[in-house]
Structures are given as C-alpha cells and as structure tokens.
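Enquirer: Below are the structure tokens for one structure; questions will follow.
The values are calculated or read from the model by the stated rules, or taken from the named source; none is laboratory data. Predicted model only: the values in this text are computed from it and were never measured. We place every Cβ from the backbone using ideal geometry, glycine too, and count neighbours over all the protein chains shown.
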Amino acid sequence: MIRELVIVSGKGGTGKTSVTASFAALAGNSVLCDADVDAADLHLLMAPVVKETHAFMGGSIAFIRGDDCVECGRCLELCKFKAISDEFVIDAFSCEGCGVCVDLCPEGAIDFTVQQCGEWYKSETRFGPMVHARLGIAEENSGKLVSLVRQETKKLAEARDCDLILTDGPPGIGCPVIASIGGATALVIVVEPTVSGLHDMQRVAQLAVHFKVPGLVCVNKFDLNLDMTEKIEGFATEHNMELVGRIPFDPIFTEAMIQGKSVLEHAPESDAGLALLDVWRKIQSSPSMNTMGIKDFSAVIQ
C-alpha cells in the first residue's frame with residue numbers, strides 16, 4: 001500500500017521544504033512530489049534532471065470571431081468584468097473565462113479555447129523520482145495542477161513499486177492546499193513558535209480535521225520562544241494531534257540551502273540534523289503511518 005506524507009504549514013517560510021528534503025535523504029523506496037506549483041522550490045535542493053515535460057492546459061479564454069459577429073452588443077451587456085471593448089475585441093488579461101458570453105451569444109460567434117497555463121515534469125533526483133510543476137505567471141487553476149501532479153506521482157510510485165510518497169505541500173489553507181491533502185495518509189504541520197504561527201497551525205489543523213487526515217506537529221526554531229512552543233504543543237495535545245518533535249534554530253539550514261543540499265547531507269551530526277532524524281523516527285513509529293522503512297543513517301553520514 002502506497003502511503004503519502006504531506007509536509008504543510010500555515011504560511012510560507014517555516015522551513016517545510018528543508019524538512020521535506022531531509023526526509024528525502026532518509027526515506028528509502030519513495031517518490032518526491034512538489035505540490036507548491038505557484039512557488040515551487042524543492043527543485044533547488046533536489047537538482048532534478050527532467051526526463052519528461054508536459055503542458056498543463058487550464059482555463060479558457062473567450063475570442064470573438066469578427067467575421068461572424070453582428071455587433072448586437074449582447075456580450076457587452078453580459079460581461080461583468082468589462083473585458084470586451086466597444087470594438088468587440090476581448091482583452092485576454094481581463095477575461096475571467098466564465099463562458100457566459102460564449103453560451104449566450106445569439107450568433108454563436110465566440111470561441112472558448114483552452115489555454116496552456118503551465119508545465120509539469122517527471123524528473124530523477126539523487127533520492128529517486130520526482131514529479132513537480134510550474135504554473136504560469138498570474139495563471140489560475142493551481143488546485144487543478146496540484147491534483148494532476150499528485151495523480152501522476154501516484155502512478156509513478158505504482159510503476160516503480162515505491163511504498164512512500166513525500167509531498168512538499170503549498171503554504172496556507174487555500175485551494176492548492178486542499179488539493180494537496182485530500183486522501184493523504186498523514187500531514188506533518190511545520191510551525192514556528194510565534195503568535196501568528198500558532199494561528200496558522202490552527203487553521204491548517206481545522207482543514208486536516210475536515211478532510212479526516214491525521215495531523216503531526218513539528219515545531220521549527222522552537223528555542224526562539226519556548227513559551228510559545230509550549231502553547232503550540234499544548235494546542236496540539238488538546239486536539240489529539242501527535243507531536244513528532246522540535247527542531248532548534250540553526251544557521252546550518254541556510255548553509256545547506258546555499259550548497260543545494262539537505263541538512264542531513266550537509267551536516268548530519270549538527271543539532272538540527274539530529275533533531276530531524278529524531279522527527280523522522282517518530283513519524284515512522286506513528287500509528288498514522290505505521291512502518292515506512294528508513295535506510296541506514298550511516299550511509300547519510302558518510
């Protein structure tokens with residue numbers, strides 16, 4: 001049975017991508033998935049070699065065929081986004097792709113063509129296969145692209161006979177996050193010890209409860225505010241969320257990013273590296289994940 005561990009956070013910058021990269025260094029037979037299609041950055045640490053590139057077709061844009069248009073003005077009345085000029089030309093940047101003008105044009109003179117909104121990729125990394133994507137600038141349908149990336153990741157895991165998917169989820173609680181957690185085995189919620197960090201974690205926790213996905217809480221930079229760390233852990237315990245560990249503030253994270261490596265590759269015996277190893281072991285033993293199989297840590301240290 002393929003299990004999927006999704007690493008999420010209530011906001012960007014909490015360190016979830018660095019955590020995901022370190023988990024990738026520890027996981028055995030796994031496939032990596034970057035579900036943060038709006039601002040993907042896992043590839044910066046994984047250095048994937050792209051093997052396949054596919055177009056992502058998203059929303060549609062209306063286009064008025066001048067030869068067939070009788071300039072009745074019906075589309076001007078219908079368009080709530082003022083995307084149609086008095087010359088009956090549609091501004092592609094203003095068109096929201098609702099399709100009302102297409103459906104109600106008396107002459108059927110408006111086309112509704114599907115647009116390419118981005119690309120998705122199948123790649124190979126030093127830790128195994130990876131599926132990731134890039135949404136075009138100012139494009140929509142990020143949730144649809146996340147769903148596609150997860151579907152392709154599962155197919156790849158089945159084809160490679162992998163038993164674990166590690167997903168670097170998007171931040172927040174919006175549509176991309178919803179698309180990234182549905183049906184997952186468990187979530188690791190990476191949270192910083194601040195007032196806003198606690199609030200963001202609470203929102204993600206509510207989302208996890210709604211979709212009936214177990215939430216595991218990991219406090220990053222816990223030693224910067226011990227009082228807030230205790231409040232976060234208290235909330236997690238009160239709401240039956242499993243605590244999987246604390247990671248100290250450590251410049252090693254930044255040093256590893258500069259080198260394009262995970263913390264466990266760059267400095268496995270550092271305080272942060274040992275803390276990450278402890279977090280991974282606790283995730284292994286979690287009832288939510290059962291056993292996942294960790295390769296010999298000595299190989300990482302070497």
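Enquirer: Under the condition of being hydroxyl-bearing (S, T, Y) and modelled with pLDDT under 95, which residue from segment 213-261 is farthest from S196 (Cα to Cα)?
Expert: At the first step, the residues of segment 213-261 found to be hydroxyl-bearing (S, T, Y) are 229, 237, 254.
Remaining after also requiring modelled with pLDDT under 95: 237, 254.
Values: T237: 19, T254: 23 Å.
The extreme case among them is T254.
Enquirer: Does any residue of segment 51-66 turn out to be touching a Cys at 6+ places or on another chain (Cβ under 9 Å) and either over 30 Å from W120 (Cα atoms) or β-branched (V, I, T) (or both)?
Expert: Yes - at least one qualifying residue is present in segment 51-66.
Enquirer: Might you check whether a residue that is modelled with pLDDT under 95, touching a Leu at 6+ places or on another chain (Cβ under 7 Å) and either in the same structural domain as S180 (by TED's automatic domain parsing) or not polar (S, T, N, Q) (or both) occurs anywhere in segment 48-57?
Expert: Yes, segment 48-57 contains at least one residue that is modelled with pLDDT under 95, touching a Leu at 6+ places or on another chain (Cβ under 7 Å) and either in the same structural domain as S180 (by TED's automatic domain parsing) or not polar (S, T, N, Q) (or both).
Enquirer: Continuing with the same structure: Report yes if some residue within segment 112-131 is farther than 30 Å from G169 by Cα and either over 18 Å from the mean Cα position of the chain (by Cα) or of a type in the set (D, E, K, R) (or both); otherwise report no. Outline the logic, then answer.
Expert: At the first step, the residues of segment 112-131 found to be farther than 30 Å from G169 by Cα are 112-113.
Right, trim to either over 18 Å from the mean Cα position of the chain (by Cα) or of a type in the set (D, E, K, R) (or both) and you get 112-113.
Yes, segment 112-131 contains a residue that is farther than 30 Å from G169 by Cα and either over 18 Å from the mean Cα position of the chain (by Cα) or of a type in the set (D, E, K, R) (or both).
This table checks each residue for (1) in contact (Cβ under 8 Å) with a residue 40 or more places away in the chain; (2) surrounded by fewer than 20 Cβ atoms within 10 Å (Cβ to Cβ); (3) farther than 18 Å from L216 by Cβ; (4) in contact with a Lys or Arg (Cβ under 6 Å, 6 or more places away or on another chain).
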{"position": "V6", "(1), (2), (3), (4)": "yes, no, no, no"}
{"position": "G15", "(1), (2), (3), (4)": "yes, no, no, no"}
{"position": "A27", "(1), (2), (3), (4)": "yes, no, no, no"}
{"position": "C33", "(1), (2), (3), (4)": "yes, no, no, no"}
{"position": "K51", "(1), (2), (3), (4)": "yes, yes, yes, yes"}
{"position": "R65", "(1), (2), (3), (4)": "yes, yes, yes, no"}
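Enquirer: For residues in segment 67-80 being in a loop (DSSP other than H, G, I, E, B) and surrounded by fewer than 13 Cβ atoms within 10 Å (Cβ to Cβ), which is farthest from the chain's Cα centre (by Cα)? Don't jump to the end; show me each part of the working.
Expert: Filtering segment 67-80 down to residues in a loop (DSSP other than H, G, I, E, B) leaves 67-73, 79-80.
Those left that are additionally surrounded by fewer than 13 Cβ atoms within 10 Å (Cβ to Cβ): 67-68, 70, 73, 80.
Values: D67: 45, D68: 44, V70: 46, G73: 43, K80: 32 Å.
Checking each candidate, the answer is V70.
Enquirer: Identify, please: which residue in segment 19-59 is hydroxyl-bearing (S, T, Y) and part of a helix (DSSP H, G or I) and is, among those, farthest from I252 (Cα to Cα)? Lay out the reasoning, then the answer.
Expert: Restricting attention to segment 19-59, the residues satisfying the condition of being hydroxyl-bearing (S, T, Y) are 20, 22, 30, 53.
The next check asks that each one be part of a helix (DSSP H, G or I); those that pass are 20, 22.
Details: T20: 15, S22: 12 Å.
This residue is T20.
Enquirer: If S142 satisfies every condition in (1) touching a helix residue (DSSP H, G or I) at 6+ places or on another chain (Cβ under 6 Å); (2) crowded, with 20+ Cβ neighbours inside 10 Å; (3) at pLDDT 90 or above but one, which is the exception?
Expert: (3)
Enquirer: Here is a further query. Go through segment 2-16 and count every residue that is more than 18 Å from S30 (Cβ to Cβ) and among the basic types (K, R).
Expert: Looking only at segment 2-16, we keep the residues that are more than 18 Å from S30 (Cβ to Cβ), and these are 9-15.
When the remaining residues are screened for being among the basic types (K, R), the result is 11.
Total satisfying the criteria: 1.
Enquirer: Here's another thing I want to ask about it. Do you know which residues across segment 234-285 are among the hydroxyl-bearing types (S, T, Y) and out of contact with any Asp or Glu (no Cβ under 7 Å at 6 or more places or on another chain)?
Expert: Of everything in segment 234-285, those that are among the hydroxyl-bearing types (S, T, Y) and out of contact with any Asp or Glu (no Cβ under 7 Å at 6 or more places or on another chain) turn out to be T237, T254, S262, S285.
Enquirer: Could you please tell me which pairs satisfy a Cβ distance under 9 Å, a separation of 6+ or placement on different chains, a first residue in segment 185-204 that is more than 9 Å from S9 (Cβ to Cβ) and in the same structural domain as M228 (by TED's automatic domain parsing), and a second residue that is among the charged types (D, E, K, R) and part of a strand (DSSP E or B)?
Expert: Taking only residues 6 or more apart or on different chains, the pairs are T185/R3; T185/E4; A186/R3; A186/E4; A186/E242.
Enquirer: Can you find even one residue in segment 85-100 that is under 30 Å from E269 (Cβ atoms), polar (S, T, N, Q) and part of a loop (DSSP other than H, G, I, E, B)? Write out each step before concluding.
Expert: Start the filter on segment 85-100 by keeping residues that are under 30 Å from E269 (Cβ atoms), which leaves none.
Among the residues of segment 85-100, not one is under 30 Å from E269 (Cβ atoms), polar (S, T, N, Q) and part of a loop (DSSP other than H, G, I, E, B), which makes the answer no.
Enquirer: Is it true that F249 is more than 22 Å from A35 (Cα to Cα) and not in a loop (DSSP other than H, G, I, E, B)?
Expert: Values: more than 22 Å from A35 (Cα to Cα): yes; not in a loop (DSSP other than H, G, I, E, B): no.
So F249 does not fit the description; no.
Enquirer: Is there a residue being surrounded by fewer than 16 Cβ atoms within 10 Å (Cβ to Cβ), in contact with a strand residue (DSSP E or B) (Cβ under 6 Å, 6 or more places away or on another chain) and at pLDDT 90 or above anywhere in segment 118-139?
Expert: Checked segment 118-139: at least one residue is surrounded by fewer than 16 Cβ atoms within 10 Å (Cβ to Cβ), in contact with a strand residue (DSSP E or B) (Cβ under 6 Å, 6 or more places away or on another chain) and at pLDDT 90 or above.
Enquirer: Follow-up. So, in segment 237-256, how many residues would count as being in contact (Cβ under 8 Å) with a residue 24 or more places away in the chain and under 17 Å from A275 (Cβ atoms)?
Expert: Keep residues of segment 237-256 that are in contact (Cβ under 8 Å) with a residue 24 or more places away in the chain, which gives 239, 241-249, 253, 256.
Imposing the further condition that a residue be under 17 Å from A275 (Cβ atoms) reduces the set to 242-249, 253, 256.
Residues that pass the stated criteria total 10.
Enquirer: Let me confirm something: among K212, K221, which residue is crowded, with 21+ Cβ neighbours inside 10 Å, assigned by TED's automatic domain parsing to the domain that holds L276 and at positive phi? Write out each step before concluding.
Expert: Working: K212 fails: crowded, with 21+ Cβ neighbours inside 10 Å.
Checking each option against the conditions leaves just K221.
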